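Below is one structure; the comments refer to it alone.
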């Protein structure tokens, strides 16, 4: 990441909301133009991990679930949160097993991203998981999941036509598709 001088200056910070998963701060700031302002920041306690499970037939495993904030069904890659101090790959391994029952022999980082970086500090990493072995899922009580194997090209088309809208899923699937078209050097 490029290092540059920060044109913002924080004067004060107060917590306006907090729960075990996130904190909302309201900062009094001096804006880049020198004027006074406020800035709201959503701080996530956990970092986001996503997994693209890819089988030998070129299919990806999607997880479907009802997303409460959207009040809608969502097809996604398996994803979840890494606790503070937990290694991102360890969290990805745990989430894949919990949500799908699968474990993987090989893992490769696909992409790192900051999701909605104008209002949150959320960090995310998406991993590719191959050499899959089936086991028993153990979803959390907040998860009522449906699993679906989809050819990679169909999953990318689902991103294109709006059947998949989850940002982490779109990032992971599109990065994998790009890597397969143009392998990294």
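Quick notes on this one:
- Within segment 56-70, considering residues that are surrounded by 16 or more Cβ atoms within 10 Å (Cβ to Cβ) and at pLDDT 95 or above, the one farthest from residue 164 (Cα to Cα): 59
- Failed item in (1) assigned by TED's automatic domain parsing to the domain that holds residue 19; (2) within 16 Å of residue 143 (Cβ to Cβ), with residue 34 passing the rest: (2)
- Taken over segment 117-137, the residue count meeting the criterion of being without any contact (Cβ under 8 Å) to a residue 40 or more places away in the chain and touching a strand residue (DSSP E or B) at 6+ places or on another chain (Cβ under 9 Å) is 4.
- Considered as a group, the residues in segment 71-93 that are part of a loop (DSSP other than H, G, I, E, B) and free of Cβ contacts under 8 Å to residues at least 60 places away in the same chain include one that is surrounded by the most Cβ atoms within 10 Å (Cβ to Cβ), and that residue is 78.
- Looking only at residues of segment 138-169 that are in contact with a strand residue (DSSP E or B) (Cβ under 8 Å, 6 or more places away or on another chain) and in a loop (DSSP other than H, G, I, E, B), we find that the one that is nearest to residue 101 (Cα to Cα) is 145.
- Some residue of segment 94-102 being under 18 Å from the mean Cα position of the chain (by Cα), outside any helix (DSSP H, G or I) and either surrounded by fewer than 16 Cβ atoms within 10 Å (Cβ to Cβ) or free of Cβ contacts under 8 Å to residues at least 40 places away in the same chain (or both): no
- Complete set of residues in segment 15-28 that are under 27 Å from the mean Cα position of the chain (by Cα) and either part of a strand (DSSP E or B) or over 17 Å from residue 122 (Cα atoms) (or both): 15, 16, 17, 18, 22, 23, 24, 25, 26, 27
- Residues located in segment 103-127, provided they are out of contact with any helix residue (DSSP H, G or I) (no Cβ under 8 Å at 6 or more places or on another chain) and either surrounded by 18 or more Cβ atoms within 10 Å (Cβ to Cβ) or within 21 Å of residue 65 (Cα to Cα) (or both): 122
- Residue in segment 29-42 that is more than 20 Å from the chain's Cα centre (by Cα), surrounded by 11 or more Cβ atoms within 10 Å (Cβ to Cβ), touching a residue at least 24 places away in the same chain (Cβ under 8 Å) and in a strand (DSSP E or B) present: yes
The values are calculated or read from the model by the stated rules, or taken from the named source; none is laboratory data. This is a predicted model, so every value here is computed, not measured. Because the Cβ atoms are built from the backbone with ideal geometry, glycine has one as well, and the counts that use them run over all protein chains shown.
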